[in-house]
1. Starting from the Cα-Cα distance between LEU40 and ALA253, subtract it from 0.36 nm times their residue separation and give me the gain in nm to one decimal.
2. Quote the Stokes-Einstein diffusion coefficient, in whole µm² s⁻¹, for the chain, based on the Kirkwood radius over alpha carbon pairs, a temperature of 37 °C and a viscosity of 0.692 mPa s.
3. On the protein heavy atoms, probe 1.4 angstrom, tell me the percent of accessible surface of the chain carried by carbon and sulfur.
4. Under 17 Å from a point 7 Å along the Cα-to-Cβ line of ASN174: which residues of segment 124-161 have their amide N that close?
5. What is the ratio of the Cα radius of gyration of segment 158-260 to 2.2 N^0.38 Å, with N the residue count, to two decimals?
6. Under a Cβ-Cβ cut-off of 12 Å, what is the net charge of the residues other than ALA46 that fall near it, where Lys and Arg count +1 and Asp and Glu count -1?
7. Using r as the Cβ-Cβ distance of ALA261 and THR165, and R0 as 30 Å, what FRET efficiency do you calculate, to the nearest 0.05?
8. Stretched out fully, how many nm does the piece from ALA57 to ALA25 gain, at 0.36 nm a residue minus the Cα gap?
Amino acid sequence: MKTRDFTASLALDLQPVYPEREAQAIAALVVEHLLALDSLQRLMAAQQPVPPAALAAVPALAARLLAHEPVQYVLGTAHFAGMELEVTPATLIPRPETEELVQVITQAYPANAALRVLDVGTGSGCLALALARALPKAEVLAVDISAEALAVARRNAAHYAPQVTFQQVDILLNLPTDLAPGTLDILVSNPPYVRESERPTMRDNVLAWEPATALFVPDEDPLLFYRRLAEIGPVLLRPGGGIYLEINEALGAETAALLVAQGFVDVTVLPDMFGKARMVRGRCG
């Protein structure tokens, strides 16, 4: 079987569960993974025969995909900011809108700036590693409550940004150790922000597989993590330091108000590529 036919056949097998275009995109990712190709190489290899080992691997992978397991967990990797990161059910799958948060930050600082950065709730390490690569003179610390997520993040850092350091911290209760007050330049976080009442709107492959503790917050306190970040920001950030947060699109104004109440200035809600309120930034006054 040729590569193009291999991809088309797998996409057809997935269509009982996935819409046609999504099935095609997933099939392409699987084929690229099995053949160790990028997207351009896959297209160029359209007429090349598929090795028997790749053909033999497909039934088991397809069965997992048809059970709604996200393709990133099936393959064990997710693409983010030019990296191929390890992901497991202990970590969220990095999203494109989080890449936009990286872009917002890196556009605000010179690439050679000697900065101190704290990433709260690092998960796979995607934000911390992307910032460390884009700002190579930055000192980046990443924290998470989950030991399992930190193990994944450390393995990713070994490949892409070994200078990043990690700590296991419950940010709601404690601050990172060895981080003096008023020394931080950037505080960034993509904390849990999906309200429990929003569960019915979410897809099965998210609900059944991604870590609930990294996704959901109680309806009675949906800004739980943002309130804490707004409180610790003025303690950790130096004057003029920046806070950058990914947010629930329905709570942009409320999140911004928390920052203003804690003395942040130039607080702005930013849209993502689809025009949804997805980020808030501010500056420590």
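1. 72.5 nm
2. Answer, rounded: 163 µm²/s.
3. 56
4. Correct set: 141-151.
5. Rounded to two decimals, the normalised Rg is 1.21.
6. Computed value for this residue: +2.
7. 0.45
8. Contour length minus Cα-Cα distance gives 9.7 nm.
The values are calculated or read from the model by the stated rules, or taken from the named source; none is laboratory data. Note that the structure is a prediction, hence the values are computed from the model and not measured. A quick note on method: Cβ atoms are made from the backbone with ideal geometry, for glycine too, and the neighbour counts reach across all protein chains shown. Keep in mind that these areas ignore ligands, DNA and RNA; they rest on the heavy atoms of the full protein, side chains included. Shrake-Rupley method; radii C 1.70, N 1.55, O 1.52, S 1.80 Å.
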